Amino acid sequence: MIGCSVIVPTYNRLPQLKQCLAALAALTHPNYEVIVINDGCTDGTKEYLTQLSDTRFKVVNLPQNLGVSEARNRGVAEANYPIVAFTDDDCIAEPTWVTELLKPFTNERIGFSIGATEYVAHGYCGYFPERIIQNQHGQFPGAGNIAYRKEVFAKIGGFKDEFFRLYHNEDSEFAVRAVAAGFTYVSCPAAVVFHQASTWTVRSLLNSAKNSTVWPVMKKLYPHHYRCFNPPVYWNAVVMPQEYLYLLLSPILIPLLLVRYLWHGKRDMKLFFAKWPVWLVLKRYYIYREALRQNVFIL
């Protein structure tokens, strides 16, 4: 059976990492290794990793925090198998995850496969300010659940830190670059990882308003491929058009949303108004600014 190197970059999330690695140790696939990239952690992660006794686990300690892209690239360089799978330190894989994610690679034309990410558990219903991260049908290429042939990296290079790391889209850019280079992919909804529970803070929420800034850049770099994963860009020009409707209806929506927020026991008013409407306005500003810089038409 085809072997797989599972790569896990980590930075200062030891409690989540412990759950992640426990799940990876319980994978049912008979032929795999786990490469943990300690990206300059300062929270006791290095000491914890020295205690791992499972021979399938390999630890790479980086001297300082170099960023998730460089960490993943180091993992690929250390991989001993022809397929490299990625997950994040705050994800928990189902036991059959690798087996399901590798099934498409019996077809030599497949360059990568995308698994499904669910939040916390099957059917879990969360509410703001939970940070609900999902990719339930494996349609979008997030590095929390994806596998590539190593030859993809040999042909197109690795993940790019630069601009894309700042906006948490280095994994999207890499997948689009792979498609533009001629590699094909499939979705594997049966290959499931669960994103552990997380919550927004005012800072993390407002920082996330920058993430959609990537789409003017992607349109400029990959005009014929940037929409291959059905990103939230409609009519080739408008990012998340429903948010314009939210802004237009904000005098009605915000009171209703505030009632729901309070009904669910939440009381952080700074966080609430940071999202409604500050986050929406900031997102449009960042998109407009980058579209002007790139000289492309995206709203």
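Residues in the stretch 26-40 that are under 14 Å from V8 (Cβ atoms) and either charged (D, E, K, R) or open to solvent by 20 Å² or more (accessible area, probe 1.4 Å) (or both): E33, D39.
Could you go through the stretch 246-259 and let me know if any residue there is within 25 Å of E130 (Cβ to Cβ), open to solvent by less than 80 Å² (accessible area, probe 1.4 Å) and under 20 Å from the mean Cα position of the chain (by Cα).
Within the stretch 246-259, not a single residue is within 25 Å of E130 (Cβ to Cβ), open to solvent by less than 80 Å² (accessible area, probe 1.4 Å) and under 20 Å from the mean Cα position of the chain (by Cα).
Per the listing A71, A77, the residue uniquely over 19 Å from V192 (Cβ atoms), aliphatic (A, V, I, L, M) and free of Cβ contacts under 8 Å to residues at least 24 places away in the same chain is A77. Regarding the stretch 199-206, can at least one residue be identified that is free of Cβ contacts under 8 Å to residues at least 60 places away in the same chain and surrounded by fewer than 16 Cβ atoms within 10 Å (Cβ to Cβ)? Checking the stretch 199-206: at least one residue is free of Cβ contacts under 8 Å to residues at least 60 places away in the same chain and surrounded by fewer than 16 Cβ atoms within 10 Å (Cβ to Cβ). A175 meets all of the listed conditions (1) over 27 Å from W276 (Cβ atoms); (2) in contact with a helix residue (DSSP H, G or I) (Cβ under 9 Å, 6 or more places away or on another chain) but one, namely (2). Scanning the stretch 150-189 for residues that are in a strand (DSSP E or B) and among the hydroxyl-bearing types (S, T, Y) returns T184, Y185, S187. The stretch 26-98 holds strands (runs of 3 or more DSSP E) entirely within its bounds, and those carrying 1 or more residues that are among the basic types (K, R) and modelled with pLDDT of 95 or more map to 57-62. Would you mention how many residues in the stretch 117-138 are open to solvent by 40 Å² or more (accessible area, probe 1.4 Å), in contact (Cβ under 8 Å) with a residue 12 or more places away in the chain and at positive phi? Residues in the stretch 117-138 being open to solvent by 40 Å² or more (accessible area, probe 1.4 Å), in contact (Cβ under 8 Å) with a residue 12 or more places away in the chain and at positive phi: 1 in total.
Note on the stretch 194-299: enclosed helices (runs of 4 or more DSSP H) holding 1 or more residues that are farther than 28 Å from A175 by Cβ and in contact with a Phe, Trp or Tyr (Cβ under 9 Å, 6 or more places away or on another chain) are 242-248, 250-263, 269-273. Residues in the stretch 50-74 that are surrounded by 17 or more Cβ atoms within 10 Å (Cβ to Cβ) and of a type in the set (S, T, Y): S69 only.
For the structure I just gave you, tell me whether V8 is open to solvent by 10 Å² or more (accessible area, probe 1.4 Å), β-branched (V, I, T), in contact with a strand residue (DSSP E or B) (Cβ under 9 Å, 6 or more places away or on another chain) and in contact (Cβ under 8 Å) with a residue 40 or more places away in the chain.
The answer is no for V8.
The values are calculated or read from the model by the stated rules, or taken from the named source; none is laboratory data. Note that the coordinates shown come from a computational prediction; the quantities given were computed from them, not determined experimentally. Counting neighbours? That spans all protein chains shown, and the Cβs are built from the backbone with ideal geometry, glycine included. Heavy atoms of the whole protein, side chains included, go into the accessibility calculation; ligands, DNA and RNA do not. Shrake-Rupley method; radii C 1.70, N 1.55, O 1.52, S 1.80 Å.
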